[in-house]
Amino acid sequence: MAKKSAQLSTRTIPMDIGISEKDRAAIAQGLSRLLADTYTLYLTTHNFHWNVTGPMFNSLHAMFMAQYTELWNAVDPMAERIRALGHVAPGSYAQYAKLSSLPDAPAEPPKAMEMVRILAQGHEAVARTARSLFPLVDKANDEPTADVLVQRLSVHEQTAWMLRSLLED
């Protein structure tokens, strides 16, 4: 899916943290996409937690709750890193819809195993978004953002693996 751009606002107070304004803007834009992906996946996961049914209800309901709680706790550090880079973090559904590479949750809740498949693909997509930022972050020597990305990649890759494992026969 093509990345959509959204205007980022900048601070009016000059700042010099050793990363150029151009690099800070590009990193903030990338983090905004990651934030949008994460929030979209959070909302889909919470939706599935509410609406899962079937023989695996108890285990999936609990697993989805653990996953949406982890995703919810992840959005704040990303938004605060965007702010530390001197930009405004996106925070509306309209902005997230423009920035996210993930589709919205289905209008009708799918069957339980389809929920698992959708979430596995969502975690893989968020991992791709996070991984795509490394060249820019490395070039700018932005270790705090790299730390955020490494943490997110670890969670998304492990969660995707666990979800894919449920889909095996």
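The values are calculated or read from the model by the stated rules, or taken from the named source; none is laboratory data. Predicted, not measured: the structure shown is a model, and the values here were computed from it. All Cβ positions, glycine included, derive from the backbone under ideal geometry; neighbour counts span all protein chains shown.
Any idea which residue in segment 122-153 is nearest to Ala79 (Cα to Cα), counting only those that are touching a residue at least 24 places away in the same chain (Cβ under 8 Å) and charged (D, E, K, R)?
It comes out as Arg152.
For segment 115-154, name all the residues that are of a type in the set (Val, Ile, Thr) and within 30 Å of Glu21 (Cα to Cα).
The first filter runs over segment 115-154 and keeps only residues of a type in the set (Val, Ile, Thr), leaving 116, 118, 126, 129, 137, 145, 148, 150.
Hits for segment 115-154 are Val126, Thr129, Val137, Thr145, Val148, Val150.
Of all residues in segment 39-71 being buried (at least 17 other Cβ atoms within 10 Å of the Cβ) and among the polar types (S, T, N, Q), which is farthest from the chain's Cα centre (by Cα)?
That would be Asn47.
Return the pair list, or none, for Cβ contacts closer than 9 Å from residues in segment 1-26 that are more than 17 Å from Glu80 (Cα to Cα) and modelled with pLDDT of 60 or more to residues that are in a loop (DSSP other than H, G, I, E, B) and among the polar types (S, T, N, Q), at least 6 apart or on different chains.
Every condition considered, the pairs that remain are Gly18/Asn141.
Would segment 125-137 turn up any residue that is polar (S, T, N, Q), under 16 Å from Arg33 (Cα atoms), buried (at least 20 other Cβ atoms within 10 Å of the Cβ) and touching a helix residue (DSSP H, G or I) at 6+ places or on another chain (Cβ under 9 Å)?
The initial filter retains those residues of segment 125-137 that are polar (S, T, N, Q), namely 129, 132.
Going one step further and asking which of them are under 16 Å from Arg33 (Cα atoms), we end up with 129, 132.
If we keep only those that are buried (at least 20 other Cβ atoms within 10 Å of the Cβ) too, we end up with 129.
Cutting the leftovers down to touching a helix residue (DSSP H, G or I) at 6+ places or on another chain (Cβ under 9 Å) gives us 129.
The answer is yes; a qualifying residue exists.
Can you tell me which residue within segment 105-129, out of those that are among the acidic types (Asp, Glu) and more than 25 Å from Val148 (Cβ to Cβ), is modelled with the highest pLDDT?
Initial filter on segment 105-129 (among the acidic types (Asp, Glu)): 108, 114, 124.
Those left that are additionally more than 25 Å from Val148 (Cβ to Cβ): 108, 114.
Values: Glu108: 94, Glu114: 97.
Looking at the filtered set, the residue picked out is Glu114.
Residues Leu85, Leu119: which one is in contact (Cβ under 8 Å) with a residue 40 or more places away in the chain and within 17 Å of the chain's Cα centre (by Cα)?
Numbers: Leu85 fails: within 17 Å of the chain's Cα centre (by Cα).
That would be Leu119, the only listed residue that is in contact (Cβ under 8 Å) with a residue 40 or more places away in the chain and within 17 Å of the chain's Cα centre (by Cα).
Could you identify the single residue in Ala25, Ala36, Ala74 that is of a type in the set (Gly, Ala, Ser), under 14 Å from the mean Cα position of the chain (by Cα), under 22 Å from Asp138 (Cβ atoms) and assigned to a helix (DSSP H, G or I)? Full working, then the answer.
Details: Ala25 fails: under 14 Å from the mean Cα position of the chain (by Cα); Ala36 fails: under 22 Å from Asp138 (Cβ atoms).
Only one candidate qualifies: Ala74.
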